[in-house]
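The values are calculated or read from the model by the stated rules, or taken from the named source; none is laboratory data. Keep in mind that this is a model prediction, so the values were computed, not measured. Quick reminder, even Gly has a Cβ in these numbers, built from the backbone with ideal geometry, and neighbours come from all protein chains shown. When the accessible area is computed, the model is the full protein with side chains, heavy atoms only, and any ligands, DNA or RNA have been set aside. Shrake-Rupley method; radii C 1.70, N 1.55, O 1.52, S 1.80 Å.
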Amino acid sequence: MNSITVYLAGEIHSDWRDVLRDGVSQRDLPVRFVGPQEQHDRSDAIGEDILGRQGSDRYRDLAGAGVNTLRTRVLLRRADLVVAYFGEEYRQWNTAADAGAAVAAGVPLLLVRAAEHIHALKELDAMATFTVETLEQAIEAIA
């Protein structure tokens, strides 16, 4: 079986990626994972690291977002599958943006969201290739 590349879209504050990667690894599946910068401080600072100090927090955020968006666009469009995880604790704007980008680019989207978020995510759910409610179900779908 050929390997596939899976882009992991979602917040970078919890360990959900580790849970998913470990579950796939335990099944010995030929999967390569890519995704956004997972080190929060690095994600915030990357624009200034490249361009130098910006004049305000607004411009610092915009510079960082530019680099992060570059990374996301390249890796997401090269992926065979995007897993978009909507967790419980953190705001999910970036997840929604990445999921929409996957749909727009024609990359299959595996949406992971709890049952209580059906209404809030109904349009995205309708565009996803497949929707599950748990990371364990996502692992099974990837398998």
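Observations on the structure shown:
- Helix-only CD estimate at 222 nm, as mean residue ellipticity for the chain, using -39500 (n - 2.57) per DSSP H run (n ≥ 4): -15500 deg cm²/dmol
- Of the peptides 111-121, 73-83, the order by per-residue mean of other Cβ atoms within 10 Å, starting with the highest, comes out as 73-83, 111-121.
- Label-to-label distance, nm, for residues given as Trp93 and Ser14 (7 Å Cα→Cβ offset): 2.0
- Assuming charge only on the beta carbon of Lys and Arg (+1) and of Asp and Glu (-1), the dipole of the chain about its Cα centre is about 640 debye to the nearest 20.
- If the chain linking Ala105 and Leu51 were pulled fully straight, counting 0.36 nm for each residue of separation and taking away their Cα-Cα distance, it would gain 16.5 nm.
- Taking only protein heavy atoms and a 1.4 Å probe, the accessible area of the chain is 48% carbon and sulfur.
- Selected from Thr131, Thr95, Thr69 as most flexible by GNM, with the chain as the system and alpha-carbon contacts under 10 Å: Thr69
- Net length available on complete extension from Ser25 to Ala126 is 33.4 nm, with 0.36 nm assigned per residue and the Cα-Cα distance removed.
- Relative contact order [Cα under 8 Å, 6+ residues apart], the chain, whole percent: 28
- At R0 = 35 Å, FRET efficiency that the Cβ-Cβ distance of Arg58 and Glu38 yields, to 0.05: 0.90
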